[in-house]
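Worksheet for the structure shown next.
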Amino acid sequence: MGKYQLIYFNVRGRGEAIRTLLKDNGIDYEEINCGNNWQKEWKPQMQFGQTPALRDNDFLLVQSNAILRHLARKHGLYGDTEEEAALIDMINDGVEDLRSKYVNLIYRNYENGKDEYIADLPNQLQPFEKLLSSNGADRSGCCVGTKRSFADYNLSDLLDVHVVLAPKCLEDFPTLKAYYQQYLARPGILEYRETEAFKQRPINGNGKQ
Ligand code: 0HH
């Protein structure tokens, strides 16, 4: 098997959960920055005209959640039973719902919408707190079962960007806070966050965060 290639802009954005999954699981990959010649070279190659994209030998896959699921199937990050896989999907869909709102705020309504977004954030985070506390995720670091899944990388990244947007947003959510701290303390994540590549990569493409 050749090395995976992750084709994306030099931002965290929708690429970061994929990057952290790869890094934390010691999966070798090459990072390709499509930002230099996006319109002419890269965009026409992409099935939906967007990235992130993952090249897996001759197979080119786009859509960030499809990429996470593909890697999860191949590397044992999709739970142990069908029920666990369904719950992992459910949580990942919840992550996608909140990420869509976040992306809309960042790219379309930051100045006018930020205060209202932050005021409503507890309502958005509460379902995750409830789901994770029922799974003891503050101790296990896993949102489903006792094994990490792709949804953990996506949810942890979602918390990561929200802590930047609203630094106190996890204060009233002890399970989410402990779960996020466990994520940050993982050796693979710690090592990755020490790299210049991580430190210099903006969260979003327009400088807002
Ligand atoms: N549903 C898709 C998914 O989940 C959505 C992907 C998407 O929105 O994968 N892709 C955007 C890039 S994410 C895209 O391809 C936002 C990052 C913007 C970075 C801008 C450049 C920054 C340079 C430092 N957009 C390009 C396009 O639509 O033409």
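Points to keep in mind about this one:
- When segment 3-44 is filtered for residues that are among the β-branched types (Val, Ile, Thr) and assigned to a loop (DSSP other than H, G, I, E, B), the ones remaining, listed by number, are VAL11, ILE27.
- Some residue of segment 145-159 being farther than 24 Å from ILE67 by Cα and within 16 Å of the ligand (Cβ to nearest atom): no
- Residue in segment 58-71 that is at pLDDT 95 or above and closer than 20 Å to GLY141 by Cβ present: yes
- Residue under evaluation GLN182, criteria (1) free of Cβ contacts under 8 Å to residues at least 60 places away in the same chain; (2) loosely packed, with under 14 Cβ neighbours inside 10 Å; (3) under 16 Å from the mean Cα position of the chain (by Cα), criterion not met: (2)
- Note on segment 185-209: among residues that are outside any helix (DSSP H, G or I) and surrounded by 13 or more Cβ atoms within 10 Å (Cβ to Cβ), the one that is farthest from the ligand (Cβ to nearest atom) is ARG186.
- Within segment 145-182, the residues that satisfy the criterion of being assigned to a loop (DSSP other than H, G, I, E, B) and closer than 22 Å to GLY26 by Cβ are GLY145, THR146, LYS147, ARG148, SER149.
- Subset tally (residues that are within 14 Å of the chain's Cα centre (by Cα) and not acidic (Asp, Glu)) for segment 78-100: 8
- Output for segment 135-177, where each listed residue is in contact with a Cys (Cβ under 9 Å, 6 or more places away or on another chain) and at positive phi: GLY136
- Criterion violated by TYR29 - all others in (1) in contact (Cβ under 8 Å) with a residue 40 or more places away in the chain; (2) under 18 Å from the mean Cα position of the chain (by Cα); (3) more than 7 Å from the ligand (Cβ to nearest atom); (4) surrounded by 17 or more Cβ atoms within 10 Å (Cβ to Cβ) satisfied: (1)
The values are calculated or read from the model by the stated rules, or taken from the named source; none is laboratory data. Computed from a prediction, not measured in an experiment: that's the story for all the values here. Cβ atoms come from the backbone with ideal geometry, glycine included; neighbour counts cover every protein chain shown.
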